[in-house]
Amino acid sequence: MSDVAAKSTHPERVFSGVQPSGNLHLGNYLGAVREFVRLQEKHECLYCVVDLHAITVWQDPKALTQSIRELTAAFLACGLDAKRSIIFNQSQVSAHAELGWIFNCVARLGWLNRMTQFKEKAGKDKEAASIALYDYPVLQAADILAYKATHVPVGEDQKQHLELSRDIAQKFNNDFKVPDFFPQPEPLIRDDAARVMSLRDGSKKMSKSDPSDQSRINLTDDADAIAKKIRKAKTDPEPLPDTLKALEHRPEARNLVGIYAALADITSEQVLQEHAGAQFGAFKPALADLCVEKIAPIAGEMRRWLEDIPAIDAVLADGAERAHAIASPILRDTYEVVGLLRTRAIS
Ligand code: TYM
């Protein structure tokens, strides 16, 4: 991380966001949240429950409130420390929406037309999608740049959105002739768990929106459910090979090896060294044991947090205050750069 920061005048600051729309799954955990926990040891970190992003598609209001608290509980249960990290929900800090509007004036239609996630999420009936779903990556840029964050831990599916954030930062700096006003945020993507795939289909990413619950391991699953899902995961009849190259055309096998590697904190090559020649009948129970050991305790810890809603709300209130204190002067400077007259004293 420090190589990048050395080139920039901006102090290292980590920002990432997760949508409160259904349970977190193993992909979110290995691709993002576990990394959040590691980064808080040495860096200033902000972790955001992006509720404004969630409402770009319909959310039942009561269920949304519950999901915001559940995701906060999941963050805490995974090991985020509310004293070290700033944990908050996006809608409580108005700088996100305000900077988002300014960035709407900077971002180009042609840039957004290239975003593949909009195409996937809008499906066939694009005319019926909300404007906000289309504009989603611009708000994401505002999330990051409202704090002049320099590093963004995410899974691979967010890479294109991060590129757009960089483009917006650069165009703003160029248009207003304020070189280096906004940093160029760097994605932090871990090779081994950048893209955890569905347990039912190795060509599809593990996702909250997959209709089959068997396709993913939820962080709320108990030990039995986890073991059962791994036992039933789609595989092929071949034993495990001794090189990664030999897994190239075996997406399901490759995915299970990758999950094992990420959970054990070793490389996929090391997994193959240990398990080459093993049939899935032997490999799956080893993977199930490892997954139960690492993931099952999270559900219990989450339940414990959810029994104390005032404690969760206090974490979000404190996080929002601290986030606002960082974003507010950045937003004030941004308005000044743009030439928007401010005559009223604001905090
Ligand atoms: P979201 O809520 O879809 O996912 C949260 C994080 O989990 C990662 N992820 C995965 N990683 C590996 N394998 C998978 N199968 C997998 N599925 C999800 C995602 O890459 C993400 O890091 N647009 C973002 C939320 C967001 C954001 C931000 C992120 C809003 N503003 C600013 C970073 C910075 C999203 O929808 O993530």
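Filtering region 243-268 to residues that are surrounded by fewer than 13 Cβ atoms within 10 Å (Cβ to Cβ) and in contact (Cβ under 8 Å) with a residue 12 or more places away in the chain leaves only THR243.
Taking region 4-113 as the region of interest, the helices (runs of 4 or more DSSP H) fully inside it that hold 2 or more residues being of a type in the set (Lys, Arg) and more than 13 Å from the ligand (Cβ to nearest atom) are 61-77.
Close Cβ contacts (under 9 Å, 6 or more residues apart or on different chains) running from residues in region 46-68 that are within 25 Å of PHE36 (Cα to Cα) to residues that are β-branched (Val, Ile, Thr) and part of a loop (DSSP other than H, G, I, E, B) comprise CYS48/VAL93; LEU64/ILE55. Would you confirm whether or not region 21-28 contains a residue that is more than 20 Å from ARG322 (Cβ to Cβ), among the hydrophobic types (A, V, I, L, M, F, W, C) and surrounded by fewer than 24 Cβ atoms within 10 Å (Cβ to Cβ)? Looking through region 21-28, none of the residues is more than 20 Å from ARG322 (Cβ to Cβ), among the hydrophobic types (A, V, I, L, M, F, W, C) and surrounded by fewer than 24 Cβ atoms within 10 Å (Cβ to Cβ). Restricting to region 169-185, name every residue that is surrounded by 22 or more Cβ atoms within 10 Å (Cβ to Cβ) and more than 9 Å from the ligand (Cβ to nearest atom). Correct list: ALA169, PHE172, PHE182, PRO183. Evaluation of ASP157 against the conditions (1) surrounded by fewer than 21 Cβ atoms within 10 Å (Cβ to Cβ); (2) over 25 Å from GLU70 (Cα atoms); (3) in contact with a strand residue (DSSP E or B) (Cβ under 7 Å, 6 or more places away or on another chain) shows that the sole unmet condition is (2).
Of all residues being free of Cβ contacts under 8 Å to residues at least 24 places away in the same chain and of a type outside the set (Lys, Arg) in region 147-170, which is nearest to VAL106 (Cα to Cα)? Just the residue, please. Looking at the filtered set, the residue picked out is GLN170. The set of residues from region 126-168 being of a type in the set (Gly, Ala, Ser), more than 13 Å from the ligand (Cβ to nearest atom) and part of a helix (DSSP H, G or I) comprises just one member, ALA128. How do the pairs read when you match residues in region 16-38 that are more than 16 Å from LYS205 (Cα to Cα) and of a type in the set (Phe, Trp, Tyr) with residues anywhere that are near the ligand (Cβ under 8 Å from one of its atoms) and not in a loop (DSSP other than H, G, I, E, B), using Cβ under 9 Å and keeping only pairs 6 or more apart or on different chains? As it stands, the answer is PHE36/SER16; PHE36/VAL18; PHE36/PRO153, since those pairs meet every condition given. Of the residues that make up region 249-258, is at least one part of a loop (DSSP other than H, G, I, E, B) and acidic (Asp, Glu)? For region 249-258, residues part of a loop (DSSP other than H, G, I, E, B) and acidic (Asp, Glu): absent.
For region 193-203, which positions are of a type in the set (D, E, K, R) and more than 10 Å from the ligand (Cβ to nearest atom)? Residues satisfying the conditions are ARG200, ASP201. Cβ-Cβ contacts under 6 Å between residues 6 or more apart (or on different chains), taken from a first residue in region 131-144 that is within 18 Å of ARG13 (Cα to Cα) and modelled with pLDDT of 95 or more to a second residue that is more than 11 Å from the ligand (Cβ to nearest atom) and assigned to a helix (DSSP H, G or I), are listed as ALA141/PHE103; ALA141/ILE168; ALA142/LEU99; ALA142/PHE103. The residue that is farthest from the ligand (Cβ to nearest atom), counting only those in region 204-230 that are surrounded by fewer than 21 Cβ atoms within 10 Å (Cβ to Cβ) and of a type in the set (D, E, K, R), is ASP224.
The values are calculated or read from the model by the stated rules, or taken from the named source; none is laboratory data. Computed from a predicted structure; not experimentally measured. Cβ sites come from the backbone with ideal geometry, for glycine too, and all protein chains shown count toward neighbours.
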